[in-house]
Amino acid sequence: MRIEKRQIMVPGQVTGPACLTGYLLDSISVNPDKLRPAVIVLPGGGYIRRSDRESEPVALQFMSMGCHGFVLDYSVDPNRFPTSLRELAEAVAVIREHGAEWKVDTNRIIACGFSAAGHLACSLGVFWNRDLVWKAIKRAPEEVRPDGLILNYPVITSGEFKHAGSVLSLLGQEATKEDIEAVSLERFVTEHMPKTFLWHTYTDASVPLENSLLLADAMRKHHVNFELHVYPAGVHGLSLANEETAGSNEAFLEPSCQSWISLAKTWISNF
């Protein structure tokens, strides 16, 4: 394994550049030219912080499944929309342009977001072809488009079932009704959205299940390929739901939800 780091600089940053860390699997002698999927892990935290439980441990888990793992330390409050969205777009483009060097399958670059960072990943999924994103960072739309999304108990809507704290941190106190509606992602799904894997728990008390259901309904209506799993129980923020990411907090240890990562592995292999 080798580690690559890149600073990500985009217009609008008020707290310095974001950082993209790549955990790259070494080539093996029996298949030295093998190209691997790249999964960009986006830790949640309500757009006010980034959870370490949803960061490197997840990237390493994807590495164990034969993917290159990346972690994007994107900008949070006081940075405002669309700063972190542009950072993610630039991260996708950087990985794509280093595809040959890093042995990345540039047709399998996947954004994997947790909670509020699920909103970030999904934002790129629905807005990748808008000049709000690509033009500002001097890229072409096809350079910044993710090939797939993995959304883990994501924040999606800014309507009835919103996570109010995430919306506030993303937009700030001065946000208008129009600003708030503009980040309710279920409203912007089109047939150009990448294929998506998402999961949620029925008992999530922080980000209601309706966030995933609203997105799934919109994807279905626009013929976007998706896979949705709803687990019957589990608190918000489970990450891998195992001992590694639960630490000393048993609330984050939920064996019934641990299967999501193996299901995601199968989903990636079927690209």
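Here are a few things to note about the model shown:
- Pairs are defined by a Cβ separation below 7 Å, a sequence spacing of at least 6 or placement on different chains, a first member in the range 14-35 that is β-branched (Val, Ile, Thr), and a second member that is not in a loop (DSSP other than H, G, I, E, B); the pairs so defined are Thr21/Ile3; Thr21/Lys5; Thr21/Phe70; Thr21/Val71.
- Just one of the numbered conditions (1) out of contact with any helix residue (DSSP H, G or I) (no Cβ under 6 Å at 6 or more places or on another chain); (2) within 18 Å of Ala111 (Cα to Cα) is not true of Glu181: (2).
- The range 148-248 holds strands (runs of 3 or more DSSP E) entirely within its bounds, and those carrying 3 or more residues that are under 15 Å from the mean Cα position of the chain (by Cα), touching a residue at least 24 places away in the same chain (Cβ under 8 Å) and buried (at least 21 other Cβ atoms within 10 Å of the Cβ) map to 148-152, 195-201.
- Residues satisfying the stated conditions in the range 31-55, i.e. among the aliphatic types (A, V, I, L, M), over 14 Å from Asp105 (Cβ atoms) and out of contact with any Cys (no Cβ under 8 Å at 6 or more places or on another chain): Ile48
- Pick from the range 196-253, criterion farther than 20 Å from His163 by Cα, among the acidic types (Asp, Glu) and in contact with a helix residue (DSSP H, G or I) (Cβ under 8 Å, 6 or more places away or on another chain), ranking: modelled with the highest pLDDT: Glu227
- Summed over the range 1-30, residues that are assigned to a strand (DSSP E or B) and within 21 Å of Ile110 (Cβ to Cβ) total 13.
- Selection from the range 137-147 of residues that are buried (at least 18 other Cβ atoms within 10 Å of the Cβ) and over 26 Å from Ser55 (Cα atoms): Arg139
- Considering residues of the range 18-31 that are surrounded by fewer than 17 Cβ atoms within 10 Å (Cβ to Cβ) and aliphatic (A, V, I, L, M) only, the residue farthest from Ser115 (Cα to Cα): Val30
The values are calculated or read from the model by the stated rules, or taken from the named source; none is laboratory data. Everything numeric here is computed off the predicted structure, so don't read it as measured data. Backbone-built Cβ (ideal geometry, glycine too); neighbour counts: all protein chains shown.
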